[in-house]
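Below is one structure, written out as C-alpha cells; comments come after it.
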Amino acid sequence: MDKFTHFNEEGRAKMVEVGNKLNTNREAVARGSIYMMPETLTKIIDQNISKGDVLSVSQVAGIMAAKKTSDLIPMCHNITLTGADIHFNIDKENSKIDIKATVRTTGKTGVEIEALSAVSVAALTIYDMCKAVDRGMKITEVRLVKKTGGKSGDYINEES
C-alpha cells in the first residue's frame, strides 16, 4: 500500500522533500472544456465580447496560472518552468471550447498541477469575460492526459 507522503510523523501536512531527486525533463498535458450557449460562442469567435479578446486574455491567464500554481496549492513546490502553452479548439457543433495546456520544466518534481491549473484558470477566465451574456456556462472534464519524466515514469490517460 502506498504511503501518504504529504503528512509528517504527527499526521500534519508537510511539503515533500525533493532535494535528493534527480533533475529530469518533465512535461504535463492537461485538458478541459467549457460549454456555453451557441450565441456566446459566436460572440467569442467574432470578438464581440465587451471585455475584449476572450481567447487571448484566457491564454495569458492560463500561462500565468501555471507560473503561480505554488501560490494557490499549499503543498505544491515552486517550480521554474521552461515552457507553458495553451491551445483552444472551438467546437461549434457542441457549443464548447476545448482547452489544452502543455507545461514543461527540468527539475526535481513534475508539472501536472501546473498544467491542470492552467486549464482551470483559462476556463475560468472565459467564464469571467462572458458571464454577462451567459451565466450557464459549464466547465467540465479537467484532467491530466499525459505526464513524462521523473522517477514514476510516463503516464498517458487512455480515456483522453
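The values are calculated or read from the model by the stated rules, or taken from the named source; none is laboratory data. Computed from a prediction, not measured in an experiment: that's the story for all the values here. Methodologically, a virtual Cβ is constructed for each residue, glycine included, from the backbone with ideal geometry; neighbour enumeration extends over all protein chains shown.
Among (1) surrounded by 14 or more Cβ atoms within 10 Å (Cβ to Cβ); (2) more than 21 Å from the chain's Cα centre (by Cα); (3) under 23 Å from residue 153 (Cα atoms), there is one condition residue 26 misses while meeting the rest; what is its number?
Among (1) surrounded by 14 or more Cβ atoms within 10 Å (Cβ to Cβ); (2) more than 21 Å from the chain's Cα centre (by Cα); (3) under 23 Å from residue 153 (Cα atoms), the lone unmet condition for residue 26 is (2).
If you check 92, 68, which single one turns out to be surrounded by fewer than 16 Cβ atoms within 10 Å (Cβ to Cβ), of a type outside the set (Asp, Glu) and in contact with a Pro (Cβ under 9 Å, 6 or more places away or on another chain)?
Numbers: 68 fails: in contact with a Pro (Cβ under 9 Å, 6 or more places away or on another chain).
Only one candidate qualifies: 92.
Quick check, is residue 22 at pLDDT 80 or above, over 30 Å from residue 97 (Cβ atoms) and not in a strand (DSSP E or B)?
Details: at pLDDT 80 or above: yes; over 30 Å from residue 97 (Cβ atoms): yes; not in a strand (DSSP E or B): yes.
Yes, satisfied.
What tally of residues in the stretch 102-133 results from selecting those that are crowded, with 20+ Cβ neighbours inside 10 Å and of a type in the set (Asp, Glu)?
Selection size over the stretch 102-133: 2.
Picking from 79, 49, 97, 45, which residue would you name as being aliphatic (A, V, I, L, M) and farther than 19 Å from residue 131 by Cβ? Step through it out loud before you land on a result.
On the way: 49 fails: farther than 19 Å from residue 131 by Cβ; 97 fails: farther than 19 Å from residue 131 by Cβ; 45 fails: farther than 19 Å from residue 131 by Cβ.
Testing whether each residue is aliphatic (A, V, I, L, M) and farther than 19 Å from residue 131 by Cβ leaves just 79.
Here's the yes/no breakdown for (1) touching a Lys or Arg at 6+ places or on another chain (Cβ under 7 Å); (2) modelled with pLDDT of 95 or more; (3) part of a helix (DSSP H, G or I):
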position: 41; (1), (2), (3): yes, yes, yes
position: 49; (1), (2), (3): yes, yes, no
position: 57; (1), (2), (3): no, yes, yes
position: 64; (1), (2), (3): no, yes, yes
position: 77; (1), (2), (3): no, no, no
position: 114; (1), (2), (3): no, yes, yes
position: 136; (1), (2), (3): no, yes, no
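Applying the selection to the stretch 142-160, what residues are surrounded by fewer than 16 Cβ atoms within 10 Å (Cβ to Cβ), touching a Ser or Thr at 6+ places or on another chain (Cβ under 7 Å) and modelled with pLDDT of 95 or more?
The first filter runs over the stretch 142-160 and keeps only residues surrounded by fewer than 16 Cβ atoms within 10 Å (Cβ to Cβ), leaving 143, 151-160.
Okay, now just the ones that are also touching a Ser or Thr at 6+ places or on another chain (Cβ under 7 Å), so 143, 154.
143, the sole residue that qualifies.
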